[in-house]
Amino acid sequence: MIFLPVINPFVSLVTRLVPGEDVSMEARAPKFLDRRILLTPDIALGGARQECLRMANLGREMLADAMHVFLNDDTKPVQHVRQTEELVDSLEKEITTYLAELSQHSLTKRQSKEVSALMHAVNDLERIGDHAENVLNLAESKAEGRLPFSEQALQELQEMYKNVDEMIAKAIKAFENNDSLLAGQVVDQDDMIDDMERNLRKSHIIRINEKICFPPSGVIFLDIISNLERIADHATNFAQAVLGEF
C-alpha cells in the first residue's frame, strides 16, 4: 500500500534509464513461413523470400543504428540493436530449417536451385547482423572511453558507411524485384569498397605512426572499416543470389 502511489513514477524512471524499443515475441516469429504450404513449393519459396527481405531490412536498420551510436555517442538505440540481432539470429534458424524441410519434397531443378540460393542468402544476411553488432560494440567502446576522433576520421567513416548502406539498399531492391541489372551494380560496387578500405587503412596507419591519431581510437577506426568491408562482401553475396552466382 505504501509503494502504490510511486509505482508509475518508478516505471517512468526505469524506462528513461533503460531506453530502447522492445522486440515483442510476436515479432520474433516468422511472418511468412507456413508448413501447410510446403507441398506447394512456389508459394513456400515466396514466403521464404519475404522472410529474407525482412532479415535484410533488419540488418540494414541495425547498421544504421550502430553507426548513429558511433557518430553521435548516443547509446539509446543499443538495447534495440541487440534485440534485433537476436531476432535476426532466430529468423536465420527458422528460415534455414524451413528450406531444409522444403528440399525434402519433390522439386523442379529451378526450385532446388532457388532453395540453395536462399540458404546462402540467409547465411549472408545473418553475418551482416553479426558485423553490425560488432560496429555497435566498437561504438560503445568509443562512447564509454570518451575516445577522441578527428573530423577527418569521422568524415571518412561516414562516407564509407554511406556507400555500404547504398549497396545494401540496392541489393534489397534487386532481390525484391529480381533485378539482375541492379544486382550487377552491387557486385561492381564491391571493388570500390575494397579499394576504399585499403586506402583508409593505409592513411590511418600513417596517422598513427606519426602520432597524429590517438592509438586506441585508431584501433577502433581500423576495426570499423574492416567490419564495413565485410558487410559489403555479404551484401554482394546477397545480390549474387539474384544472378544465380553462389
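The values are calculated or read from the model by the stated rules, or taken from the named source; none is laboratory data. Since the structure is predicted, the reported quantities are computational estimates derived from the model, not experimental observations. Methodologically, a virtual Cβ is constructed for each residue, glycine included, from the backbone with ideal geometry; neighbour enumeration extends over all protein chains shown.
Some observations on this one:
- Among the residues making up region 70-98, a single one is within 20 Å of LEU228 (Cα to Cα) and out of contact with any helix residue (DSSP H, G or I) (no Cβ under 8 Å at 6 or more places or on another chain): ASN72.
- So ALA66, is it in a helix (DSSP H, G or I), over 12 Å from the mean Cα position of the chain (by Cα) and closer than 19 Å to ILE220 by Cβ: no
- Near pairs, Cβ below 9 angstrom, 6+ apart or cross-chain, from region 51-72 (among the hydroxyl-bearing types (Ser, Thr, Tyr)) to any residue that is at pLDDT 95 or above and part of a helix (DSSP H, G or I): none
- Comparison of GLU92, GLU133 shows that the only residue that is modelled with pLDDT of 95 or more, among the acidic types (Asp, Glu) and touching a Leu at 6+ places or on another chain (Cβ under 9 Å) is GLU92.
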